[in-house]
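To start, the structure under review is shown below, and the notes come after it.
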Amino acid sequence: MRFKVDENLHPDVAGELRRLGHDAMTVFDQGMQGSADENVAAVCQREARALVTLDLDFADVRAYPPQDYPGIVVLRPTNQNRAMMLQFVSRFVPLLSTAPLVGHLWIVDDSRVRIRGTAPPGSP
């Protein structure tokens, strides 16, 4: 899987994703730090990379409809230290083999992973 790690996460998160066999880049790798959320989202679409972030703005399905993206993972830890972030990665990565990320929003908190997709037009 291809990931883009947002600037609000330690670069070691990308390193952990790579260690687990994924293609991961950071916003810093591309000199995009300080870019507007819309720009980061557009680059993720263009590069077919799922975004991993702490930014709750990306959890707004009206602004960032999941079906328009290669995946959005919003991490919601109570403690944002480096060790906790790496632990969160090791929790959600195994789910990639059992649940869809493309076209979905995953919200990972201390006790669960919520997966949300947007219903197709015309569905109840």
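The values are calculated or read from the model by the stated rules, or taken from the named source; none is laboratory data. Note that the coordinates shown come from a computational prediction; the quantities given were computed from them, not determined experimentally. Cβ atoms come from the backbone with ideal geometry, glycine included; neighbour counts cover every protein chain shown. When the accessible area is computed, the model is the full protein with side chains, heavy atoms only, and any ligands, DNA or RNA have been set aside. Shrake-Rupley method; radii C 1.70, N 1.55, O 1.52, S 1.80 Å.
Miscellaneous remarks
- Output for region 38-47, where each listed residue is open to solvent by 70 Å² or more (accessible area, probe 1.4 Å) and either closer than 20 Å to Leu96 by Cα or charged (D, E, K, R) (or both): Glu38, Gln45, Arg46
- Where Gly103 falls short, out of the listed (1) in contact (Cβ under 8 Å) with a residue 24 or more places away in the chain; (2) loosely packed, with under 14 Cβ neighbours inside 10 Å: (2)
- For region 19-37, filtered to residues that are open to solvent by less than 70 Å² (accessible area, probe 1.4 Å) and touching an Asp or Glu at 6+ places or on another chain (Cβ under 7 Å), the residue that is farthest from Val5 (Cα to Cα) is Asp37.
- Residue within region 48-63 that is open to solvent by 60 Å² or more (accessible area, probe 1.4 Å), under 15 Å from Val108 (Cα atoms) and not hydrophobic (A, V, I, L, M, F, W, C) present: yes
- Count of residues meeting criterion [open to solvent by 60 Å² or more (accessible area, probe 1.4 Å) and of a type in the set (Asp, Glu)] in region 1-18: 1
- Residue check, Leu86 touching a residue at least 60 places away in the same chain (Cβ under 8 Å) and either open to solvent by 60 Å² or more (accessible area, probe 1.4 Å) or over 12 Å from the mean Cα position of the chain (by Cα) (or both): yes
- Of everything listed in (1) closer than 14 Å to Met1 by Cα; (2) surrounded by fewer than 17 Cβ atoms within 10 Å (Cβ to Cβ), the single unmet condition for Gly71 is (2).
- Here the condition is being closer than 17 Å to Gly117 by Cα and assigned to a helix (DSSP H, G or I); of Leu95, Leu17, Leu101, Leu86, it holds for Leu95 alone.
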